[in-house]
Structure formats: C-alpha cells, structure tokens
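Here is the structure we will look at, set down as structure tokens.
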Amino acid sequence: MPLAARTAVVVDDAIATGFRARAARRVVRARGAARLVLAVPVGTAEEVPELPHEVAELICLHATESVPTVRQWYEDFAEPSDDRVAALLARGRPTH
C-alpha cells in the first residue's frame, strides 16, 4: 500500500519487547509515511515510555510491569477474519 505523505496507523495486540513496533516503524518510514500512530491495548512499563520517541503518537490503554503472554490480557484471543476486520473498520468510518 502506498504510504507516501500519509499517516499510517499500526495496531498490535500488545507491546512486550518493542521489536514488532520498531519493525513496523522501519517499514512505514521506508514506504514514505509522513506520520506513524501506534495503537495497542497493553504494553510493558519498560517499553511503552521508549516508543513515543520513535512514533508520532502512541496510544496504549494499559502499561504493566510485564507481558509474559499476550493471551492473558484477552477473553478471546482468536485471530479475526479479514472480513471481520473490514466490517469493524467500515463501522468506524465517517459517513459524510
């Protein structure tokens, strides 16, 4: 997907080590995004403070001492289908 001069929003299930977030940042920048927003529901208290230096905006709902397994933070950790994700994104899109 072309990202030149766009804002890229990367959503992940958690930040445990920060490796995936940093890899996403490199990909997004290599594709020319003007801005990167990273959104996660949970992250470690160690990694979360480091990431705002690497992204334009970080949204993290809960910082905890550790994230030994991401699964423990979810009632349902099943991977959503592409159709489910597309439906949720469409539901959040403005209608005007």
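Rule-based calculations on the coordinates, nothing more; no lab input. Everything numeric here is computed off the predicted structure, so don't read it as measured data. Glycine gets a Cβ as well: all are built from the backbone with ideal geometry, and neighbour counts include every protein chain shown.
Out of Thr64, Val42, Pro80, whose Cα points farthest toward the positive end of the dipole of the chain (charges: +1 Lys, Arg; -1 Asp, Glu; placed on Cβ)?
Pro80
Taking the chain as a Gaussian network, where each spring joins two C-alpha atoms under 10 Å apart, which residue of Val27, Val70, Val37 fluctuates the most?
Taking springs between Cα atoms under 10 Å, the residue moving most is Val27.
Run the numbers for Asp76 and Ala63: contour at 0.36 nm per residue of separation, minus the present Cα-Cα distance, in nm.
Details: separation 13, 0.36 × 13 = 4.68 nm, distance 1.99 nm.
The span from Asp76 to Ala63 would gain 2.7 nm if fully extended.
What relative contact order, as a whole-number percentage, does the chain give when Cα pairs under 8 Å and 6 or more residues apart are counted?
On the way: 132 pairs, mean separation 25.2, N = 96.
After rounding, I find 26 percent.
Multiply the residue gap between Asp12 and Ala45 by 0.36 nm, knock off their C-alpha separation, and tell me the result in nm, one decimal place. Walk me through the numbers before you get to the answer.
Numbers: separation 33, 0.36 × 33 = 11.88 nm, distance 1.62 nm.
Contour length minus the Cα-Cα distance gives 10.3 nm.
Using a Förster radius of 25 Å, what is the FRET efficiency between Leu89 and Arg31 based on their Cβ-Cβ separation? Nearest 0.05, please. Could the numbers behind the result be given before it?
Values: r = 20 Å, r/R0 = 0.78.
For Leu89 and Arg31, the calculated efficiency is 0.80.
Nearest 5 percent is fine: what portion of the DSSP beta bridges confined to the chain is antiparallel? Show your work: numbers first, answer last.
Details: 0 of 13 bridges.
In the chain, approximately 0 percent of DSSP beta bridges are antiparallel ones.
What's the ranking of 53-66, 78-91 by average number of surrounding C-beta atoms within 10 Å, highest first?
Values: 53-66: 13.5, 78-91: 9.4.
Ranked by mean Cβ neighbours within 10 Å, highest first: 53-66, 78-91.
In terms of modelled amide H atoms, which long-range or inter-chain residues lie less than 5 Å from the amide H of His62?
Here Val42, Gly43 satisfy the definition.
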